[in-house]
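Shown next, in structure tokens, is the structure this report addresses.
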Amino acid sequence: MAQIRRLPRAAALAVCLLLASRAPLAGVAEPLPALVAPWPVGLTGTLIFESDVAGRPGLYTLDLARGRVARLTGAPGYSEQTPRWSPDGRRVVFTSNRAHYTGSPPESGTPDFDVWSIAADGSDPRRLTREPSNDQDPAWTADGTRVVFSSDRDSRGDLYELRLDTGATARLTRHFVGRAIMPAPAPAAPVDRVAFAAQSMRAGAFWAYQIHVRDAQGQTPALSSSVGGCWPRWSPDGRALAHVHSGSDTAPSALEVRTGAGLRESKVLRADQLWSYYPSWSPDGSGLVFSVSPAHHEGENWDLAIVDVSTGRWQRLTQGPGNDRLPDWKK
């Protein structure tokens, strides 16, 4: 397992001051997510992910072949999160509360999140939603003409589909016991499936998340034995579904890959004693990129990692300060 490199005390102090100020220090370059060394050979493609290494979450790209990371968008004054590549790799959809901090004049009221898209080079930002609500977790449909997202505009949380040509929005789910969140439209036939997480089964004193799949008829059954699951993602061929397999007080979360008829076959992938979250498939379907943390919500410190689905062997990609999360992988 890759070792976390400890920063010298002076450097660590500078990072802490930077995060506290939420703004770059004069004369000091804005920090970037730190990559492991030596960099793994043989990787291809580009990751898009969010990181708060420079303050509030912004979007970053990682060229896997060259081991180079760069900031795509964001600023210390506002947050940009949950990026996803379009099917053709030309654009990125994400959520942002920038409308409350930029513009002439900035929007008033609670700085809620809207869905935005941007070109792969960081140009041409487009605001896609404008409701006074939190619109979250956007994801492209297979043909790139629509975006599915979760929102609390009409309930605690339901799924909606936005047509990019007309701006029309349709509601896909209605009033789960808890919330319907984290949608993942299927990339391959049948393309009308949308996997998502919802709080719908009582487990002890709280409503646990399960993985559901919405079909063409609007039915949303839960997968068997998926209590504690969240962040589903389809494989490129649509035959497998990866999601977070929640842990317990003594066992960290892991990744679960479901295959076969009714997605009943299961394989659990673990990263030693680290918490595993936010899976996304490699373009060829052989691996997953995800995030690992030693303490989950207690201090967090998420780093990016990849795992070979067939062997379970994993390796870290980033390290050091900041939370590197929600990666998405394109060729």
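Values in this text are rule-based calculations from the coordinates and carry no lab data. These numbers come from a predicted model, not from an experiment. Backbone-built Cβ (ideal geometry, glycine too); neighbour counts: all protein chains shown.
Got the relative contact order for segment 120-189 handy, in percent, Cα pairs under 8 Å and 6 or more residues apart?
Worked out over segment 120-189, it gives 29 percent.
Go ahead and run the numbers for FRET between V268 and D121, Cβ-Cβ distance against an R0 of 30 Å, rounding to 0.05. Numbers along the way, then the final one.
Details: r = 38 Å, r/R0 = 1.27.
Step by step, r from the Cβ atoms, then E = 0.20.
Work the Kirkwood hydrodynamic radius out for segment 228-331: mean of 1/r over every pair of different alpha-carbon atoms, inverted, in Å.
The answer is 13.6 Å.
Counting each pair of different Cα atoms once, what's the Kirkwood radius of segment 34-104 in Å, rounded to one decimal?
Final number for the Kirkwood radius of segment 34-104 is 13.3 Å.
Around T259, under 12 Å between beta carbons, what's the net of Lys plus Arg minus Asp minus Glu among the other residues?
So the surrounding residues net to +1.
Pop a pseudo-label 7 angstrom from the Cα along the beta-carbon direction at both D143 and V191 and give the gap in nm to one decimal.
So the two model labels end up 0.6 nm from each other.
If amide H atoms are built 1.01 Å from N in the plane of the peptide, which residues on other chains or at least 5 residues away come under 5 Å of the amide H of E30?
none
If I model a spin label at W39 and D284 as a point 7 Å from the Cα along the Cα→Cβ vector, what separation in nanometres do I get?
Inter-label distance under the simple model: 1.9 nm.
For segment 79-220, what value does the Rg/Rh ratio take when both radii are computed over Cα atoms and Rh is the Kirkwood radius, given to two decimals?
On the Cα set of segment 79-220, Rg over Rh gives 0.98.
Quick check: pseudo-label points 7 Å beyond the Cα along Cα→Cβ at T110 and A216, how many nm apart are they?
About 3.9 nm, to one decimal.
How much space per residue, in cubic angstrom, does the convex hull of the C-alpha atoms of the chain take up?
In the chain, the Cα convex hull volume per residue is 149 Å³.
How large is ³J(HN,Hα) for each residue in segment 260-270, as worked out from phi by the Karplus curve 6.51 cos²θ - 1.76 cosθ + 1.60 (θ = phi - 60°), to whole Hz, x for Gly and Pro?
Rounded to whole hertz, the list is x, 4, x, 6, 8, 7, 9, 9, 9, 10, 10.
Using only the Cα atoms of segment 241-284, what are the Rg and Dmax in Å?
That works out to 11.2, 35 Å for Rg and Dmax.
Can you give the relative contact order of segment 226-331 as a percent, counting alpha carbon pairs under 8 Å and 6+ residues apart?
On the way: 255 pairs, mean separation 20.3, N = 106.
For segment 226-331, the relative contact order is 19 percent.
Compute the Rg to Rh ratio over segment 162-287 from the alpha carbon atoms, using the Kirkwood formula for Rh, and round to two decimal places.
Checking Rg against Rh, the ratio lands at 0.98.
Let me check against my output: what whole-number percent is the relative contact order of the chain, with C-alpha pairs under 8 Å and at least 6 apart?
Across the chain, relative contact order equals 13 percent.
Provide K331, K267 in ascending order of the number of other Cβ atoms located within 10 Å of each residue's Cβ, fewest first.
On the way: K331 10, K267 14.
Listing K331, K267 from fewest to most nearby Cβ atoms yields K331, K267.
What residues from segment 112-147 fall in the zone where the backbone N is under 16 Å from a label point 7 Å along the Cα-to-C-beta line of T166?
What the label zone holds, given the 16 Å backbone N cut-off, is 145-147.
Using the Kirkwood radius over C-alpha pairs as Rh, can you work out the diffusion coefficient of segment 256-308 via Stokes-Einstein at 25 °C, viscosity 0.890 mPa s, in µm² per second? It would help to have the intermediate numbers written out before the result.
Details: Rh = 12.1 Å.
D = 203 µm²/s.
Could the peptides 279-289, 67-77 be put in order, highest first, of the mean number of other beta-carbon atoms found within 10 Å of their residues?
279-289, 67-77
Which of Y209, Q136, T311 sits farthest toward the positive end of the charge dipole of the chain, with +1 on the Cβ of Lys and Arg and -1 on the Cβ of Asp and Glu?
Farthest towards the positive end: T311.
Which whole-Hz ³J(HN,Hα) couplings does segment 182-192 yield from phi under the Karplus relation 6.51 cos²θ - 1.76 cosθ + 1.60, θ = phi - 60°, glycine and proline marked x?
Here the 3J(HN,Hα) series is 6, x, 9, x, 5, x, 9, 4, x, 7, 7 Hz.
Quick one: putting +1 on the C-beta of Lys and Arg, -1 on the C-beta of Asp and Glu, what dipole do you get for the chain around its Cα centre, in Debye to the nearest 20?
About 300 debye.
Tell me, E265, E256, E300, E50 in order of fewest to most beta-carbon neighbours within 10 Å? Numbers along the way, then the final one.
Working: E265 11, E256 24, E300 15, E50 27.
With the sparsest Cβ surroundings first, the list reads E265, E300, E256, E50.
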